[in-house]
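The values are calculated or read from the model by the stated rules, or taken from the named source; none is laboratory data. Note that this is a predicted model, so its numbers are computed, not measured. Positions of Cβ are generated from backbone atoms using ideal geometry, with glycine treated the same way; all protein chains shown enter the neighbour counts. Accessible surface is based on the protein model in full, side chains and every heavy atom, while ligands, DNA and RNA are left aside. Shrake-Rupley method; radii C 1.70, N 1.55, O 1.52, S 1.80 Å.
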Amino acid sequence: MILGGAVVTNGSGGSCDLVVENKVPILRQKDILTEEKADSPCRRIYLAVQLMYIDEANLPAYHKAFWDLAADLVKAVPRTVGLIDSISEMILQRNYYQALKLTKRLIDYEQEVLRRVSGSVENV
């Protein structure tokens, strides 16, 4: 889990109750993408948005990475423009968690396209 920029792990003691008293970025393990696993264009976009969410001190670098990656993706796959526009709107509103949720949809779309393409290649 990432809690306000800190990585928090559960010790061997079993269950753990956390109460967060103020507004800080929180990501559960299932929502965290590591650099090593950002191995596709849409996953790299997700990583850039994730970093915006948890590391506000370096926003300009993450914003630049996002805009560059998004522009490249839209050039390569114009059908993604709607989702990219929605993600961009959330970023401009500084609503990074919602942008992450939308970017998961972008990753799902990417995976579906790759499945269709690999299925077409196998049938040739």
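The residue of segment 68-89 that is farthest from residue 47 (Cα to Cα), among those that are touching a Ser or Thr at 6+ places or on another chain (Cβ under 9 Å) and in contact (Cβ under 8 Å) with a residue 12 or more places away in the chain, is 83.
As for segment 65-72, it holds no residue that is closer than 24 Å to residue 25 by Cα, in a loop (DSSP other than H, G, I, E, B), open to solvent by 60 Å² or more (accessible area, probe 1.4 Å) and not polar (S, T, N, Q). Within segment 73-106, the set of residues being of a type in the set (A, V, I, L, M, F, W, C), part of a helix (DSSP H, G or I), open to solvent by 20 Å² or more (accessible area, probe 1.4 Å) and under 18 Å from residue 39 (Cβ atoms) comprises 76 only.
Spot the failing condition for residue 113; the list is (1) open to solvent by 50 Å² or more (accessible area, probe 1.4 Å); (2) of a type outside the set (Phe, Trp, Tyr); (3) modelled with pLDDT under 95, and only one is missed. It fails just one condition, (1). Before we move on, is residue 39 surrounded by 13 or more Cβ atoms within 10 Å (Cβ to Cβ) and acidic (Asp, Glu)? In short, no. Taking the criterion of being touching a residue at least 60 places away in the same chain (Cβ under 8 Å) and under 9 Å from residue 53 (Cα atoms), the residues of segment 90-106 that qualify are 96, 97, 100.
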